[in-house]
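Student: So that we are looking at the same thing, I have put the structure below in structure tokens.
The values are calculated or read from the model by the stated rules, or taken from the named source; none is laboratory data. No experiment lies behind these values; they were computed from the predicted model shown. Cβ atoms come from the backbone with ideal geometry, glycine included; neighbour counts cover every protein chain shown.
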Amino acid sequence: MAGFFRYTVVLDACVLYPAPLRDLLLSLASAGMFAARWTETIQDEWKGNLLSNRPELKELIPRTAELMNKAIEDCLIQGYERLIDSLVLPDPDDRHVLAAAIAGHADAIVTFNLKDFPVDAVEIHGIEVLHPDDFMVAQYTLDQIKVLSAVKAMRQRLRRPAHTAQQFIAIMESQGLAQFSQLLRSAEELI
């Protein structure tokens, strides 16, 4: 929707697939750090990949997607499909993500697949492409207290099993967030 006053990002399927990273990103979005958006197609992609790799989660995956849609206001982008065919990317299967970012008035796409969104193909639309680690470092730099509060609340929600701050940081590092994990280590007593 036009008029977002917060930085708006489209979360690619690859950052929604791993539960710890998904929870972290949505926790910060819920805390008001940024507006998180996606499409049903993006959700279908991460859900399909997760179901393929973890069929035992068949009953939980649809509920997770439903809770995501309820938790994040105005998260679903619609009306982007008409743009797909006009876009050129190295992998045509990624055009729907860029189309969603354009239609959703996003400032950025957060993805691990930086090479799939070359700068020259996305910057003409006023969109940047960010690795989730770089994105999290930027969020931390903008408001350390808000990020640390959201991280602490997220860690405290984890009950099966509960995690110490050090264990939590190790999980974030395993998610590809090396720089962000270093920042968390320097503030470990606050999370």
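For (1) within 28 Å of residue 104 (Cβ to Cβ); (2) not aliphatic (A, V, I, L, M), each residue gets a yes or a no:
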residue: 132; (1), (2): yes, yes
residue: 154; (1), (2): yes, no
residue: 163; (1), (2): no, yes
residue: 177; (1), (2): yes, no
residue: 184; (1), (2): no, no
residue: 189; (1), (2): no, yes
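Student: Report whether or not residue 123 is outside any loop (DSSP other than H, G, I, E, B) and not assigned by TED's automatic domain parsing to the domain that holds residue 13.
Tutor: Taking the combined requirement at face value, the residue does not satisfy it.
Student: Now, a different point. Does segment 135-146 hold any residues that are over 20 Å from residue 111 (Cβ atoms) and surrounded by 15 or more Cβ atoms within 10 Å (Cβ to Cβ), and which are they?
Tutor: 143, 146
Student: I would also like to ask the following. Can you name the residue in segment 108-120 that is more than 13 Å from the chain's Cα centre (by Cα) and part of a loop (DSSP other than H, G, I, E, B) and is also surrounded by the most Cβ atoms within 10 Å (Cβ to Cβ) among such residues?
Tutor: Among residues in segment 108-120 that are more than 13 Å from the chain's Cα centre (by Cα) and part of a loop (DSSP other than H, G, I, E, B), the one surrounded by the most Cβ atoms within 10 Å (Cβ to Cβ) is 117.
Rundown of residues vs (1) of a type in the set (Phe, Trp, Tyr); (2) without any contact (Cβ under 8 Å) to a residue 12 or more places away in the chain; (3) farther than 24 Å from residue 178 by Cα; (4) in contact with a strand residue (DSSP E or B) (Cβ under 9 Å, 6 or more places away or on another chain), yes/no style:
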{"position": "79", "(1), (2), (3), (4)": "no, no, yes, no"}
{"position": "85", "(1), (2), (3), (4)": "no, yes, yes, no"}
{"position": "89", "(1), (2), (3), (4)": "no, no, yes, no"}
{"position": "92", "(1), (2), (3), (4)": "no, yes, yes, no"}
{"position": "107", "(1), (2), (3), (4)": "no, no, no, yes"}
{"position": "111", "(1), (2), (3), (4)": "no, no, no, yes"}
{"position": "116", "(1), (2), (3), (4)": "no, no, no, yes"}
{"position": "124", "(1), (2), (3), (4)": "no, yes, yes, no"}
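Student: Among the residues of segment 175-191 satisfying the criterion of being touching a residue at least 12 places away in the same chain (Cβ under 8 Å), of a type outside the set (A, V, I, L, M, F, W, C) and assigned to a helix (DSSP H, G or I), which is surrounded by the most Cβ atoms within 10 Å (Cβ to Cβ)?
Tutor: Ranking the qualifying residues of segment 175-191, first place goes to 181.
Student: Still on this structure, please answer the following. Which of (1) within 16 Å of the chain's Cα centre (by Cα); (2) at negative phi is the odd one out, the single condition residue 59 does not satisfy?
Tutor: (1)
Student: Could you grab me the full set of residues in segment 149-166 that are surrounded by 13 or more Cβ atoms within 10 Å (Cβ to Cβ) and either more than 17 Å from the chain's Cα centre (by Cα) or more than 17 Å from residue 23 (Cα to Cα) (or both)?
Tutor: Across segment 149-166, the qualifying residues are 149, 152, 153, 155, 158, 163, 165.
Student: Would you be able to say whether some residue in segment 9-30 is more than 23 Å from residue 175 (Cα to Cα) and assigned by TED's automatic domain parsing to the domain that holds residue 104?
Tutor: There is no residue in segment 9-30 that is more than 23 Å from residue 175 (Cα to Cα) and assigned by TED's automatic domain parsing to the domain that holds residue 104.
Student: For residue 71, state whether it is within 15 Å of the chain's Cα centre (by Cα) and closer than 29 Å to residue 179 by Cβ.
Tutor: Spelling it out, residue 71 is indeed within 15 Å of the chain's Cα centre (by Cα) and closer than 29 Å to residue 179 by Cβ.
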